[in-house]
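This report concerns only the one structure given below.
The values are calculated or read from the model by the stated rules, or taken from the named source; none is laboratory data. Quick caveat, the model's predicted, so the values are computed rather than measured. Here the Cβ is made from the backbone with ideal geometry for all residues, glycine too, and neighbour counts use every protein chain on show.
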Amino acid sequence: MSVPLPLERLTPTGFEEFCSDLLHELKFVNIDWRKGTGEAASPADRGRDIRCQEVRTDVDGAVRLETWFVDCKHFKRGVPPTELQNLLTWAEAENPDVALIVASNFLSNSSKDYLESYQKNRRPPFKIKVWERPKIEKFARRRLKLLRKFDLTDEPIRSVRAIVSAEEEFFDRVWYDRHSMHQEGIRTGRVKIDPAIWRVARRAAIAVERKRGKRNLGPYNDFEWGMVNGKLSALRWVLGFEWDMLDT
C-alpha cells in the first residue's frame, strides 16, 4: 500500500506551485501561474490560480488546444462550497473548456452537492473536473524529481557508495573499449606501443574481463557507446568532476 504524500508540508502558495509543476509533468502547455503577490497566498488570482492548455488530437488528426482554469485548494478539511464560487464565476465570464478544482484533501459533501446542482441547473458550456488527494497522488507518485523539489518524499537518494560503484563500472567499460581499439590497431600495424607497457595493459584487461564479464564489455553500437560515455560523464559530475570528463 502506498504511503500518502505529505501535502500538509506545503504552504497554500507552495501547493499552487506544486500543482503548476505537476501540470507541466502531465504535458500541459502555456502554463500561467497567476500568483498576484509575494505573500503566502495569492489574492489577485480571481479564482484562477493557474491558466493552462492541453493539446488534444481529434480522430481526424486535427490538433487543438483546450483551455483550463485551475483553482488550487489547500485545506486540512473538506473544501466548502463558498470556495468554489470564484472559479465558476470567472469560468462563466471567460468560457474556458475546463474548470478544474485541485484539492489537497477532499471536497466537502456539501461542495459535491453544490457542483452537482450547479451543473444540473446552470448547464455550463465548460466541463467541471475535480482532482482530490487520491488523484493527485496517482499523478505524482513516481515523479521523484517533482516530489523531491517540494520535500514530498522520504525515498532516499542513492548513496555515495552506490554512485562511486557505478562510476567505477562505466570507467571500466570505457577503458576496456579503448583498450580493444588499441589491440586492433596493434594487430593491423597501425599502432606501435612498448611491449612492456602492453603486457601491463593486457593484464589489466584480463582483470576487467573477470570482474565485469567479457560479454558485458561491448562491442557497442554508436547509440550504446554514447550512452556508456554519457553515464560516466553524469556519474562523475555528481562526484564533483567537470562535465564531459571522460579520461581513463
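From the list Ala162, Ala166, Ala204, the lone residue that is part of a helix (DSSP H, G or I) and out of contact with any helix residue (DSSP H, G or I) (no Cβ under 8 Å at 6 or more places or on another chain) is Ala162.
Quick grid of which residues meet (1) farther than 16 Å from Thr248 by Cα; (2) surrounded by 11 or more Cβ atoms within 10 Å (Cβ to Cβ):
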| site | (1), (2) |
| --- | --- |
| Lys129 | yes, yes |
| Glu155 | yes, no |
| Arg158 | yes, no |
| Ala166 | no, yes |
| Thr188 | yes, no |
| Lys192 | yes, no |
| Ala201 | no, yes |
| Glu209 | yes, yes |
| Asn216 | yes, yes |
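Going by the structure shown, is Glu167 in contact (Cβ under 8 Å) with a residue 24 or more places away in the chain and not aliphatic (A, V, I, L, M)? The answer is yes for Glu167.
Okay, residues lined up against (1) of a type in the set (S, T, N, Q); (2) in the same structural domain as Leu232 (by TED's automatic domain parsing):
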| position | (1), (2) |
| --- | --- |
| Gln85 | yes, no |
| Ala103 | no, no |
| Phe106 | no, no |
| Pro125 | no, no |
| Phe139 | no, no |
| Asp154 | no, no |
| His179 | no, yes |
| Gln183 | yes, yes |
| Ile186 | no, yes |
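Within segment 198-248, being of a type in the set (S, T, N, Q) and touching an Asp or Glu at 6+ places or on another chain (Cβ under 6 Å) holds for one residue alone: Ser233. Gly218 - would you say it is part of a helix (DSSP H, G or I) and either of a type outside the set (D, E, K, R) or touching a His at 6+ places or on another chain (Cβ under 6 Å) (or both)? Answer is no for this residue. Here Ser117 does not qualify as under 25 Å from the mean Cα position of the chain (by Cα), exposed (fewer than 13 other Cβ atoms within 10 Å of the Cβ) and without any contact (Cβ under 8 Å) to a residue 12 or more places away in the chain. Out of curiosity, is Ser111 touching a Gly at 6+ places or on another chain (Cβ under 8 Å), part of a helix (DSSP H, G or I) and modelled with pLDDT of 95 or more? The answer is yes for Ser111. The residues of segment 126-159 that are charged (D, E, K, R) and assigned to a loop (DSSP other than H, G, I, E, B), listed by number, are Glu132, Arg141, Arg142, Arg143, Asp151, Asp154, Glu155, Arg158. Scanning segment 96-135 for residues being hydroxyl-bearing (Ser, Thr, Tyr) and closer than 22 Å to Val55 by Cα gives a total of 0.
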